[in-house]
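The values are calculated or read from the model by the stated rules, or taken from the named source; none is laboratory data. Since we're looking at a predicted model, the values are computed, not measured. All Cβ positions, even for glycine, are placed from backbone atoms using ideal geometry, and neighbour counts span all protein chains on display.
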2 protein chains.
Amino acid sequence: MPSGVPGVVPADGLTTRQRRQRPLLIIHTGDGKGKSTAAFGLALRGWNQGWSVGIFQFVKSARWRIGEQTALESLGELHNATGRGGSIEWHKMGAGWSWSRKMGTDDDHAAAAAEGWQEIKRRLAQEKHTLYVLDEFTYPINWGWVDIDDVIDTLTARSGYQHVIITGRRADPRLVEAAQLVTEMSKIKHPFDDGQKGQRGIEW
Amino acid sequence: MPSGVPGVVPADGLTTRQRRQRPLLIIHTGDGKGKSTAAFGLALRGWNQGWSVGIFQFVKSARWRIGEQTALESLGELHNATGRGGSIEWHKMGAGWSWSRKMGTDDDHAAAAAEGWQEIKRRLAQEKHTLYVLDEFTYPINWGWVDIDDVIDTLTARSGYQHVIITGRRADPRLVEAAQLVTEMSKIKHPFDDGQKGQRGIEW
């Protein structure tokens, strides 16, 4: 990790404290593993800060309950019971659709994704959470199910102190342009290449 | 995420079940963010599987307690109290040294890192954990504080079902060669470039 010392001091008239408190749009993209996993890792940090964390799964949701959901929801229950950490909500946006698109028609999937995005817009307007994880949100954008201009306008104009993380392959260049922190995860080696099957604890 | 269907079925005579149960050596490297965070995210999955998870921080350790430690240790306490999930241990290997190397001499740091690695070897021999996160372990290797040949030999020969994740920049090519899953995190954009300071919940 970098040491935290910025290379440039901007002439924006802000104090260090103000500059420390800037809501970020964060993108995890690329073909490698770790995009979602790193976003859920950031949710751990947010929980520890006492933040309200909202996680919104856009694609994988319907097929299985991943381990991170159970673990993060357990931390949310701990918060509710003891006041430690922050609150965690986990929502599946459009539970009837998935990678394989086996369930429902494409129109159903598109409508569910669009409604999911409307719900996130409402929450942003209410400043409901401090951290939003929009997991695999690049896909409904790239499929045209959610309007990219609306996404950019909404995120750029959002009020208050709200961090937003978007994960998924092939992030739209306009999304990258609007973001402050963008990391690409690239595959150097993957066991699937050698015929290894996915396994519990690693893939889910 | 890929759908989990391997492109090649290997002629190794293994059943699907056997092929699903292979301990992995995983590397998260590159100059971007998310290497450690994604490893801690995998710890969430391991916890949910009921695994014994051991996390060993090799560099950042002494400077601050990061949010993930508090959050993951809370899940470990939940396991101890209720039996849910798995156990989580978090160890700082050589607590007297850090990025800035302000405390102690280089010799102290090197000895602490070497002793940390010896402890991990003992645990691997005992099959103490199912998942080991060796956070920022590439640095003591690259500084020559831990012998790379010993690391490769130990990890290659480890017994049982033990996953090992190593994070850090500039992973040694021999480490990459020995691993089954290697992801590179690259910086596309980082707020430090614009003079933004590190902020709570994001950097720690």
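Here are the numbers for this structure:
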item	result
The stretch A:48-60, subset modelled with pLDDT of 70 or more and not in a loop (DSSP other than H, G, I, E, B), residue nearest to the other protein chains (Cβ to nearest Cβ)	A:ASN48
Test: residue in the stretch B:63-82 that is in a loop (DSSP other than H, G, I, E, B), modelled with pLDDT of 95 or more and more than 18 Å from the chain's Cα centre (by Cα)	no
Lone qualifier among A:THR156, A:THR130 - being within 16 Å of A:ILE26 (Cα to Cα), more than 7 Å from chain B (Cβ to nearest Cβ) and in contact with a Phe, Trp or Tyr (Cβ under 7 Å, 6 or more places away or on another chain)	A:THR130
Members of the stretch B:168-204 that are part of a strand (DSSP E or B) and either touching a residue at least 40 places away in the same chain (Cβ under 8 Å) or over 23 Å from A:LEU131 (Cα atoms) (or both)	B:LEU181, B:VAL182, B:THR183, B:GLU184, B:MET185, B:SER186, B:LYS187, B:ILE188
Number of the exception - A:TYR132 against (1) farther than 21 Å from B:GLN199 by Cβ; (2) part of a strand (DSSP E or B); (3) of a type outside the set (A, V, I, L, M)	(1)
Selection count, the stretch B:108-165, where residues are surrounded by fewer than 21 Cβ atoms within 10 Å (Cβ to Cβ), touching a residue at least 60 places away in the same chain (Cβ under 8 Å) and of a type in the set (Phe, Trp, Tyr)	2
All positions within the stretch B:30-47 that are more than 7 Å from chain A (Cβ to nearest Cβ) and under 17 Å from B:GLN162 (Cα atoms)	B:ALA39, B:ALA43
Residue ID - modelled with the highest pLDDT, chosen from residues in the stretch A:19-29 that are in contact with an Asp or Glu (Cβ under 9 Å, 6 or more places away or on another chain) and either farther than 24 Å from B:GLU68 by Cα or facing another protein chain (nearest Cβ under 7 Å) (or both)	A:HIS28
Residue within the stretch A:102-125 that is modelled with pLDDT of 95 or more and farther than 14 Å from A:PHE56 by Cα present	yes
Residue identified as more than 7 Å from every other protein chain (Cβ to nearest Cβ), modelled with pLDDT under 80, surrounded by fewer than 23 Cβ atoms within 10 Å (Cβ to Cβ) and outside any helix (DSSP H, G or I) among A:VAL5, A:VAL9	A:VAL5
Evaluation of B:THR183 against (1) facing chain A (nearest Cβ under 7 Å); (2) over 19 Å from A:ILE165 (Cα atoms); (3) surrounded by fewer than 18 Cβ atoms within 10 Å (Cβ to Cβ) (one fails), failing number	(3)
Members of the stretch A:153-177 found to be within 21 Å of A:GLU119 (Cα to Cα) and more than 15 Å from the chain's Cα centre (by Cα), listed by number	A:ASP153, A:THR154, A:THR156, A:ALA157, A:ARG158, A:SER159, A:GLY160, A:TYR161
